[in-house]
Amino acid sequence: MKLYIIDQNLDVIGGVERVCNLLATELNKDYNVHVVSKTKNTINPFFNYGNIKINYLFDNTKKYKFKIIKKIIRFLTLHIKIKKMSNQFTKDDIVIFGRIYVALNFLPYIQNKENKPKIIVRDAIHFQYFNNKIKSKILKYFPNTVDTLIVSSDESANEYKSHLKSSNMKILKIYNPLGIKPIKKYKFENKKIISIGRMDDNQKGYENLINAMEIVNNNHPEWKLCIYGDGAYKEKYNTMISELHANKYIEINSSIKNVVKKFNNSSIFILSSRTEGYANILVEAMACGIP
């Protein structure tokens, strides 16, 4: 029996990526765990997988002369490899998907298999927030292919049950595991505000936080904001800070592994996100007792 843990970008930092890492390293003690990432984005993965080798379906770090060529090669490569891997699954295997949209890449090739593996899908996004295309695919493939759907709230569980009434699929509420060993020892005398998250899009709302800090600085110049994270929007936010002449009270640092130490040396944690699923970093901040 093989146990597969599959997600989009398992070599980068993120809440889902942390959960997949915790599951893989813990389950590897008793099972033959295989970790699969649709894309490879870094030379070395952010989280330590020990002796588990990550199987990357497409190397996103390779350079191509034209972006359109890369997109075409990426599409064809992923299509072929996803189909091939899906055909290799057996009825003795367990396949865990970290996100619904990743599962939907594989399920069309699994649904009619005579030796279908046990399928587990987890996601923190409520059904109503998916677009109509994703919703229709969930309704098409989940009832007869997915064995267990794991959600993070009673509201989400009830919503999925209302849309999948005729399905034998189990829907379970399981909170994400706490990925840190919390220490409640934050220093309120340190005039530091901390925020942690990826910078791949506008979801995290960092432009609002940066603009807000300009107002804070006008009234309380002793306070500083430290943001930790990486992503495509990092340069954009650094430019904003420079244009506001805010470098003295706002700084952006690279992603960190020891968040507990940073929480303990700060006085306030801010989550400026426009939307969140299950915000691991918020739970970790609460566990450390930082306001």
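The values are calculated or read from the model by the stated rules, or taken from the named source; none is laboratory data. Remember, predicted model here, so these are calculated numbers, not experimental data. Cβ: placed from backbone, ideal geometry, glycine included. Neighbour counts: every protein chain shown. These accessible areas exclude ligands, DNA and RNA; they are computed on the full protein's heavy atoms, side chains included. Shrake-Rupley method; radii C 1.70, N 1.55, O 1.52, S 1.80 Å.
Between N219, Y233, V260, the Cα set farthest toward the positive side of the dipole of the range 200-272 (charges on each charged residue's Cβ, about the Cα centre) is that of V260.
For the range 52-143, just say rounded, prolate or oblate: build the C-alpha gyration tensor, square-root its eigenvalues into a ≥ b ≥ c, call rounded for a/c under 1.5, and beyond that prolate if a/b exceeds b/c, oblate if not. In terms of gyration-tensor shape, oblate. Estimated at the nearest 10 Å², the accessible area of L244 is 50 Å² with a 1.4 Å probe.
Taken about its Cα centre, the chain carries a charge dipole of roughly 900 debye when the Cβ of each Lys and Arg holds +1 and the Cβ of each Asp and Glu holds -1. Take the alpha carbon gyration tensor of the range 76-122, find the square roots of its eigenvalues, order them as a ≥ b ≥ c, and report rounded if a/c is under 1.5; if not, report prolate when a/b exceeds b/c, else oblate. Oblate, since a/c reaches 1.5 and b/c is not below a/b.
Under the rule a/c < 1.5 gives rounded, and otherwise a/b versus b/c splits prolate from oblate, where does the range 185-291 land using the Cα gyration tensor? Taking the square roots of the gyration eigenvalues as a ≥ b ≥ c, the range 185-291 is oblate.
Working note: 222 nm ellipticity from helices only, DSSP H runs with n ≥ 4, each -39,500 (n - 2.57), summed and divided by the residues of the chain, gives -11500 deg cm²/dmol to the nearest 500. Calculated accessible area for the chain comes out at 55 Å² per residue, all protein chains present (probe 1.4 Å; ligands, DNA, RNA ignored).
How much of the accessible area of the chain, probe 1.4 Å, is carbon plus sulfur, in whole percent? It is 52 percent, rounded to a whole number.
Of all aspartates and glutamates in the structure, those lying under 16 Å Cα to Cα from K236, and not within fewer than 8 positions of it along the same chain, are D200, D201, E207, E251.
Between amide H atoms placed 1.01 Å from N, distances below 5 Å from D230 occur with M199, S255, all of them 5 or more places distant or on a separate chain.
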